[in-house]
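Report on the following structure.
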Amino acid sequence: MATGNVTYNIAGRKYYMITDPDDCLTISNACLEKDLVYRFAKGCYGDGLVTASQSTWKKHRNLLNPQFNLNYLNGFLVIFNKQSRILVKKFALMAGRGPFDHDSIIRQNEIKTICDWI
């Protein structure tokens with residue numbers, strides 16, 4: 001995959017898609033304050049580390065590092081792939097039928113994935 005950074009202008013705000021691994025590392029270590037968009041995520045996901053403030057994130061990120069080790073995560077690829085295929089099949093059944101409640105399908109899939117993961 002080619003690396004390069006891309007800029008998007010969405011609703012009058014500039015967003016940068018960082019694809020260069022070195023740039024990602026630099027930014028992830030230097031820019032911990034969350035964007036305004038994360039406030040909207042709180043409504044769906046509540047208070048957690050993804051939506052946490054900078055001070056909360058800084059305190060807890062070192063505790064999480066072992067869980068994001070690549071070798072550890074590779075152990076879950078079978079579960080992620082299985083659940084992804086199930087989700088695609090469920091969406092395929094709904095294709096062409098008009099609007100549907102994708103949120104409930106995704107939430108069921110999330111719960112099943114988490115239960116398989118534990």
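Roll a 1.4 Å probe over the protein heavy atoms and report the accessible area of VAL37 in Å², nearest 10.
70 Å²
Do you know the relative contact order of the stretch 1-73, to the nearest whole percent, from alpha carbon pairs under 8 angstrom that are 6+ apart?
Relative contact order comes out at 17 percent.
To test your reading of the geometry: what angle, between 0 and 90 degrees and rounded to tens, separates the Cα axis of helix 54-64 from the longest principal axis of the chain?
70 degrees
If you roll a 1.4 Å probe over the heavy atoms of the protein chains, what accessible area per residue do you get for the chain, in Å²?
81 Å²
Heavy atoms only, probe 1.4 Å: what % of the accessible area of the chain goes to carbon and sulfur, would you let me know?
Carbon and sulfur atoms account for 61 percent of the accessible area of the chain.
Rounded to the nearest 500, what is the 222 nm mean residue ellipticity of the chain from helices alone, with -39500 (n - 2.57) per DSSP H run of 4+ residues and division by all residues?
-18000 deg cm²/dmol
According to the square roots a ≥ b ≥ c of the eigenvalues of the Cα gyration tensor, what is the shape class of the stretch 76-118, taking rounded for a/c under 1.5, prolate for a/b larger than b/c otherwise, and oblate for the remainder?
oblate
If DNA, RNA and ligands are ignored and the probe is 1.4 Å, what is the ranking of HIS102, HIS60 by accessible area, most exposed first?
HIS102, HIS60
How large is the accessible surface of ILE10 in square angstrom, using a 1.4 angstrom probe and rounding to the nearest 10?
Rounded to the nearest 10, the figure is 100 Å².
Go through ARG107, ARG85, ARG39 and list them by solvent-accessible area, largest first, probe radius 1.4 Å.
ARG39, ARG85, ARG107
If ASP101, ASP116 are ordered by their accessible area, calculated over protein heavy atoms with a 1.4 Å probe, which sequence runs from highest to lowest?
Result of the area sort, largest leading: ASP101, ASP116.
Can you report the principal axis dimensions of the stretch 29-74 using only the alpha carbons, biggest first, rounded to whole angstrom?
Ordered largest first, the stretch 29-74 gives principal extents of 32, 23, 14 Å.
Once both axes come from the Cα atoms, what is the angle between helix 21-30 and the longest principal axis of the chain, in degrees from 0 to 90, rounded to 10?
Tilt relative to the chain: about 70 degrees.
Against the longest principal axis of the chain, how steep is helix 102-117, in degrees 0 to 90 to the nearest 10, with axes from Cα atoms?
For 102-117 against the chain, the angle is about 80 degrees.
State, to one decimal in nm, how far the label point of MET17 lies from the label point of VAL37, with both points 7 Å from Cα in the Cβ direction.
Going from the MET17 label point to the VAL37 one covers 1.1 nm.
If I stretch the segment between LYS82 and GLN108 completely, what's the gain in nm (0.36 nm per residue apart, minus their alpha carbon distance), one decimal?
Gain in length upon complete extension: 8.0 nm.
Tell me the accessible surface of LEU93 in square angstrom (1.4 angstrom probe, heavy atoms of protein chains only), to the nearest ten.
120 Å²
How big is the stretch 1-54 by the Kirkwood estimate over distinct Cα pairs, in Å?
When all Cα pairs of the stretch 1-54 are included, the Kirkwood radius is 12.9 Å.
The values are calculated or read from the model by the stated rules, or taken from the named source; none is laboratory data. Just so we're clear, the structure is a prediction, and the values are computed from it rather than from any experiment. In this analysis, Cβ positions are derived from the backbone assuming ideal geometry, glycine residues included, and neighbour counts consider all displayed protein chains. We work out accessible area using only protein heavy atoms, side chains counted, and drop any ligands, DNA or RNA first. Shrake-Rupley method; radii C 1.70, N 1.55, O 1.52, S 1.80 Å.
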